[in-house]
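The values are calculated or read from the model by the stated rules, or taken from the named source; none is laboratory data. This one's a predicted model, so the numbers in the text were calculated from it and none came from an experiment. Here the Cβ positions follow ideal geometry from the backbone for every residue, glycine too, while neighbour counts run over all protein chains shown. Heads up: the accessible areas ignore ligands, DNA and RNA and are worked out on the full protein's heavy atoms, side chains in. Shrake-Rupley method; radii C 1.70, N 1.55, O 1.52, S 1.80 Å.
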Amino acid sequence: QVQLVESGGGLVQPGGSLRLSCAASGSIFTINAMGWFRQAPGKQRELVAGITRSGSTNYADSVKGRFTISRDNAKNTVYLRMNSLKPEDTAVYYCNADVRATITAPLRDYWGQGTQVTVSS
């Protein structure tokens, strides 16, 4: 079993910054892609940013130039640095990882429990 634990959410004023972290633990042989999604009230969950094991990244158009995703493969951890935050960034942010538990196991998709980010004055 694999657990993803997020941290770093909170309340921040517009224009402020936050850094989210997500650490994976448990039965892990390797982690392929990792990413951050978010879900605002009444809206569908959407991809915010993704990163491959080799470090290639992709971002939602709404966060390009403001958010930066990174990862530490040795620590099985992914980060999301969020700058110039806007009220429309308010959402629950979820970490996602594609994990292979053993060398022969198939990739499985795991989610964190979510962390609330609120941008308000």
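Per residue, the accessible area of the chain comes to 52 Å², computed with a 1.4 Å probe over protein heavy atoms only. For region 4-95, the list of trypsin sites (Lys or Arg not before Pro) that fall in a loop by DSSP and count at most 14 other C-beta atoms within 10 angstrom reads Lys43, Arg53, Lys64. Under a Gaussian network description of the chain, with springs only between Cα atoms under 10 Å, the residue in Ile103, Ile69, Ile28 that fluctuates furthest is Ile103.
Using the crude model of +1 on Lys and Arg Cβ and -1 on Asp and Glu Cβ, and no other charge, please compute the dipole size for the chain relative to its Cα centre, in debye to 20.
140 debye
Considering only Ser25, Ala74, Val119, and ranking their Cα positions along the charge dipole of the chain that arises from unit charges at the beta-carbon of Lys, Arg, Asp and Glu, the one farthest toward the positive end is Ala74.
Taking a straight line from the alpha carbon of Lys64, these lysines sit under 17 Å away, with near neighbours fewer than eight places off in the same chain left out: Lys86. A Förster radius of 35 Å combined with the Cβ-Cβ distance from Ser62 to Ser25 puts the calculated FRET efficiency at roughly 0.70.
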